[in-house]
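K.L.:
The structure is given below, and queries will be raised subsequently.
Since every read-out is calculated from the coordinates, none of them should be taken as a lab result. Here the structure is a predicted model, which is why all the values come from computation and not from measurement. No Cβ is skipped: glycine too gets one built from the backbone with ideal geometry, and neighbour counts run over all protein chains shown.
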Amino acid sequence: MNRLQLTQAVLLCSLLLAAPGRAGGPAPTTPEAPAQVAAIEYGPQGARPVVIQVSTRRVQWTGDWRQDAAVAHLSWSPDGTFLLYRQADTLMRHTLGEQGSIKLAEGLAMPRTRPDYELRPDGQQVALRRAPSQVAFIPVGTAAGISQQVDMPSGCLPSSMQWQPDGKVLHVLCAQESSKTAPLLVKLDPAAGVVTFRPAPDVAELLGWSEQRGLLVSGKADAYGQRPGNVKEDGSYHPLRPAPALPENSEESPPIDFVQGYLPSIDGFVMARATEDPHDPVVLTLVTPGESPAKRWLKSFKRVGTISYGVPGPWVAFVDRKPADRADVGDIYIVRAGKEDARLVIRANAKRDTFYGGPEPRPHKAGTSAPKGAGSSKKP
């Protein structure tokens, strides 16, 4: 297999990320472990989002089965009171404890591997990518209402987004219509529109925020794969980890690693290295800027699927793909970021043709109040 084919295999494998340690019996909850995990349940009737109680493994539905509606991109509010998700071309909100969900926006573009919406840090507004070149700002507590819609610079196609921690400015990475033109990094103010935009030729994706380093990104792939980095105020990209070094006169190709996501609780990045066969085990490592070498993670799990990123607490959820071949199908585990003490949440049930994927642990700071303007919703 040549380098191009290997790179393609790694890119495919990067969509299959996440895996934990085997455990039997009920998954115990501790004061620090999440009490619930949101996931996607697949079955003969279609797909629907569910909330799983970690201590009892009880599954509670949050929406109706939809044969023709793909469900994707689950995301908890910062206070854990409601859940956002995509159902076909619609952005939905489910408030915990209520029946059914309500529609926030319709007519979305085809879903991507990453969410096309970004919830503001206070949980009151969501930024949403609109095709082909717009970003809409929608109040979360109001059904199907757009408060502001901003046109992006000409030819700019929004790909990934990140709010500043204060929620005042949204950073958007835009791919250009022409492959010969560098991506743009755009700053948006919901009220004022575009603030600034600069070329970002070395940036592939926006990942999150660090108190010390600001906007965190993955770099454009080169012969070594991708490297995590940050973006300065002038738009320049700075890698936070050097490219792997090879001994002189080595005939071996350098290892190819790809950035999978950023874990704020440990201020570190998850990297993946694939073998030539996408179905072979994926090696996961954690990279913490300033520390060396990289640390292996989830060593007991050889087929990792989806991992949750960006959660504020120390626990993340992931899918163990051993039971099935699909990236989002398998058993769900929770694990403390950077640790190996994975705990089983629920198993895939092949007899019922029911599996779980896209898991998101409910944030620790779970409150009891619904978002402003949210009333009881009827079953859709």
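K.L.:
Tell me the label-point distance for the pair Arg114, Ala70, using the 7 Å Cα-to-Cβ offset, in nm and rounded to one decimal.
P.N.:
If labels sit at Arg114 and Ala70, their model points lie 1.7 nm apart.
K.L.:
Quick one: if the Förster radius is 25 Å, what FRET efficiency do Ala192 and Asp234 give, using the C-beta to C-beta distance and rounding to 0.05?
P.N.:
0.75
K.L.:
Sticking with this structure for a sec: Among Tyr333, Tyr224, rank each residue by its count of other Cβ atoms within 10 Å, from fewest to most, as a rough exposure measure. If you can, show how the numbers build up before the last one.
P.N.:
Numbers: Tyr333 27, Tyr224 16.
Lowest to highest Cβ neighbour count: Tyr224, Tyr333.
K.L.:
Multiply the residue separation of Asp166 and Ser55 by 0.36 nm, subtract the distance between their alpha-carbon atoms, and state the gained length in nm to one decimal.
P.N.:
Length gained between Asp166 and Ser55: 36.5 nm.
K.L.:
If each residue of separation counts as 0.36 nm, what is the full-extension length gain between Lys322 and Lys103 once their alpha-carbon separation is subtracted? Present the calculation step by step, with values, prior to reporting the outcome.
P.N.:
Details: separation 219, 0.36 × 219 = 78.84 nm, distance 3.47 nm.
Extra length from Lys322 to Lys103 when fully extended: 75.4 nm.
K.L.:
Over 18 Å between C-alpha atoms is what I'm after, so list which of Lys220/Lys295; Lys299/Lys322; Lys299/Lys339 land there. The partial results should precede the final answer.
P.N.:
Details: Lys220/Lys295 22 Å; Lys299/Lys322 14 Å; Lys299/Lys339 10 Å.
Table pairs above 18 Å Cα-Cα are Lys220/Lys295.
K.L.:
Of the listed peptides 155-162, 177-184, what is their order by residue-averaged count of other C-beta atoms within 10 Å, with the highest listed first? Walk me through the intermediate numbers first.
P.N.:
On the way: 155-162: 20.6, 177-184: 13.0.
Descending mean neighbour count gives 155-162, 177-184.
K.L.:
Something else now. Suppose the chain between Lys299 and Asp122 were pulled fully straight at 0.36 nm per residue; how much longer would it get relative to their current alpha carbon spacing?
P.N.:
60.1 nm
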